[in-house]
Amino acid sequence: MFKRKQKPTFLQRLKSYVWPSIGWKKYMQYLGLRLSRLGCSPQSIAAGVACGVAVSFTPFVGLHFVLAAITAFLCRGNVLASAIGTAAGNPWTFPFIWMSVFYTGRWFLGAEGEVRVSFLTVFEKSMHALMTFDFSGFASDVWPVFFPMLIGCIPYYVVAWILTYFAVKHAMQKIAQRRKKVSE
């Protein structure tokens, strides 16, 4: 009854993931409404979204949903809101996040010199090392990039969490006030 007449192709689904068909402004409004309908306090929703956004700055690609859910649970945030918050890490933002986190980590570690990194190659080698249990390959190929990213993500994590928490909390309180005003 509620199914589409024609199922979207893979390319259409990929395009809608990268660029929403309704536009970014409407998409953000849609996410705001979805968050407001979760039935939780603005603080819980804000903590959940903040955990999702902050986890997007970590180098644990593929584990963002799980890590966001765990941190949201520990912060008494909404776990579903944390899943929505992980949308901050997407194909448009990951290259910028990875580069900034990597070079920040190198700066914290006192590494000198310019380094060019192919993150695609690093992720490919890390997947190969994990699939074949080749920990020596992981240590030689992946660790020199992963460790600076792990160190460099800490300040971004903290700043992203704080900024997102207060922005989303403010937005959820405004939506709740508007709903209360309409119902009166």
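Here, each number is a calculation from the coordinates, and none is a lab measurement. Note that the coordinates shown come from a computational prediction; the quantities given were computed from them, not determined experimentally. For neighbour counting, all protein chains shown are included, and Cβ atoms are generated from backbone atoms with ideal geometry for every residue, glycine included.
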Taking Lys and Arg as +1 and Asp and Glu as -1, residues besides ARG37 with C-beta under 14 Å from its C-beta add up to +3
The chain: angle of helix 143-183 to the longest principal axis, Cα-based, in degrees nearest 10: 0 degrees
Calc'd 3J(HN,Hα), the range 112-122, phi into Karplus 6.51 cos²θ - 1.76 cosθ + 1.60 (θ = phi - 60°), Hz, glycine/Pro = x, comes to 10, x, 7, 10, 9, 10, 9, 5, 4, 5, 4
Roughly speaking, what is the centre-to-centre gap between the range 160-184 and the range 81-145 when only Cα atoms are used, to the nearest Å? 34 Å
Using per-residue counts of other Cβ atoms within 10 Å, averaged over each peptide, order 125-138, 18-31 from highest down. 125-138, 18-31
With the alpha-carbon atoms as the only input, what is the per residue convex hull volume for the range 42-183 in Å³? 117 Å³
For the chain, find the longest principal axis of its Cα atoms and tell me its angle to the long axis of helix 42-55, 0 to 90°, nearest 10. 20 degrees
Sticking to Cα atoms, compute the Rg of the range 115-184 to one decimal and its Dmax as the biggest Cα-Cα distance, whole number, in Å. 21.4, 66
Cβ neighbours within 10 Å, averaged per peptide: list 33-45, 54-66 in order, most packed at the top. 54-66, 33-45
Efficiency of FRET from Cβ geometry, MET28 and ARG179, R₀ 25 Å, rounded to 0.05: 0.85
Under a straight-distance cross-link criterion of Cα-Cα below 20 Å, which lysines are reachable from LYS25, leaving out those fewer than 8 residues away in the same chain? LYS15, LYS169, LYS174
I'd like to compare 77-89, 156-168: which one has the highest average count of other Cβ atoms within 10 Å, and what's the full order after that? 77-89, 156-168
